Amino acid sequence: MVFGRLRSPSETRILPAKARRSVNTKNTRITNGIEKTHTADARCISGNPNAEPADCVYFQRKVRCHNRQLHKATILKGGVRKRNQAAYAVFGYRLFDKVLYQNQECFITGRRTSGSFKLVKFDGTVLSEGVSYKKIILLERAKHFITERLAASSPCLKAGVSAAVL
């Protein structure tokens, strides 16, 4: 287990770690009169339960960095293998770039050489299967993680739920 390696007495100790049980978190929350939310539990675990909560919440998700299949399964005449990957950048846009489309932040999940893109919100809602590059505005370049910022009063952050469903 990771926690076992963190608190092992060997010379290769990574971080000073202390066991934390859910009953401790619950007790801290009840003692300070805090309602049950994921962010409130994080404040209790950090040891600073009375800290002012942030006005926004960030959700992150790891996305793939490469296409794995390089060539199509069937080989063409003359032993030529047909590429299975689209170009890395199409009209300056890459896979998982954050763009603005109709005043909504979304991510590019499909790109075509014609310049149309599949746009999806963070939660997986498809906004459009094919939008021209002329109708979108680049907000942020793709990284290994995609990030969405929500207001702390967002309806998807309900009390009594320990984590949002993505």
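Straightening the chain between residue 38 and residue 50 buys 2.8 nm, computed as 0.36 nm per residue apart minus the Cα-Cα spacing.
Can you give the FRET efficiency to the nearest 0.05 for residue 27 and residue 121, using r as the Cβ-Cβ distance and R₀ = 41 Å? Efficiency for this residue pair is about 0.60.
Ranking of 116, 128 by neighbouring Cβ atoms within 10 Å, starting from the fewest: 128, 116. Each residue of segment 114-129 was assigned a 3J(HN,Hα) from its phi angle through the Karplus expression (A = 6.51, B = -1.76, C = 1.60, θ = phi - 60°), giving 6, x, 9, 10, 8, 10, 9, 7, 4, 7, x, 5, 7, 7, 7, 7 Hz with x at Gly and Pro. Taking 0.36 nm per residue of sequence separation and subtracting the Cα-Cα distance, how much length would be gained by fully extending the chain between residue 75 and residue 63, in nm to one decimal? Taking 0.36 nm per residue and subtracting the Cα distance, the gain is 1.3 nm.
Taken together, the values in this text are just the output of simple stated rules run on the coordinates, not laboratory data. Bear in mind the structure is a predicted one, so any value in this text is a computation, not a measurement. So basically every Cβ, Gly included, is an ideal-geometry build from the backbone, and we count neighbours across all protein chains shown.
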